[in-house]
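Data first, discussion second: the structure below is written as structure tokens.
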């Protein structure tokens, strides 16, 4: 009896995985057909919980607007908070404003400012689109998801799986504790090296962030 139940579960998983494969392929195809037109683009990450009246929201909006004024398009996660601010700033400046929206059970809904929107069920496909079609990452204050995107990019650059591009942390007051821990703990313990930490750049001024990107990617 137990063997029959186990076989039933195996058969069900196999059937589900077969259809899941086609959904995965469809999401990749949609991205690969749409995203090349947004080059060159900078991805902006940060908290979905940032309020429109907050300094982080306003800084992100200004950052996105400045990027468009300098010839770059903007990619965000397509949701509220920092993502909304990024799309709003880019759209209002007349640029291509991409929202890579992920379906989550409770908190994330697409914002109204992305003029190009793709919807994702799978985080790993969405991450591929961020990495593949970005010429730089700008990391605003955020939570676990923001850290996930940050360290994903740093790891891929560190291991030379992708071509190095600027990874910029905005707001030194927010990030200095993290960078201090990386310096004092990880470098001290020799789990990373000084040059690997140099992948990350700490910036407060949007103009400086744009200048760093322009030195690497001329438009």
Crossing angle, helix 2-34 versus the chain [Cα axis fit, 0-90 degrees, rounded to tens]: 40
Among 79, 31, 89, residue whose mean-square fluctuation peaks in a GNM of the chain (springs only between Cα atoms under 10 Å): 31
Residue with peak Gaussian network fluctuation, the chain [Cα springs, cutoff 10 Å], from 119, 184, 204: 184
In degrees, nearest ten, helix 55-69 long axis to first principal axis of the chain (Cα): 80
Which of 45, 144, 151, 130 has the fewest Cβ neighbours within 10 Å, and the rest in rising order: 144, 151, 130, 45
Estimated Rh, the range 117-169: Kirkwood, alpha-carbon pairs, angstrom: 11.7
Of 81, 94, 180, the one that fluctuates the most in a GNM where the chain has Cα springs shorter than 10 Å: 180
For 207, 152, order by how many other beta-carbon atoms lie within 10 Å, fewest first: 207, 152
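Dividing the alpha-carbon Rg of the range 33-85 by 2.2 N^0.38 Å yields what?
Cα Rg divided by the expected 2.2 N^0.38 Å: 1.14.
Tell me, what is the percent relative contact order of the range 97-219, built from C-alpha pairs under 8 Å that lie six or more residues apart?
About 21 percent, as a whole number.
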Residue 17-residue 158 FRET efficiency (beta carbon distance; Förster radius 35 Å; 0.05 resolution): 0.65
Residues 34, 91, sorted so that the one with the fewest Cβ neighbours within 10 Å comes first: 34, 91
Normalised contact order of the range 2-216, rounded percent, pairs of Cα under 8 Å and 6 or more residues apart: 18
Cα centroid of the range 50-90 to Cα centroid of the range 98-168, whole Å: 14
On Cα atoms only, tilt of 144-158 relative to the major axis of the chain in degrees: 80
Rg/Rh for the range 104-219, where both radii come from Cα atoms and Rh is the Kirkwood radius: 0.98
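Values in this text are rule-based calculations from the coordinates and carry no lab data. These numbers come from a predicted model, not from an experiment. Please note: Cβ atoms are built from the backbone with ideal geometry, for glycine as well, and neighbour counts cover all protein chains shown.
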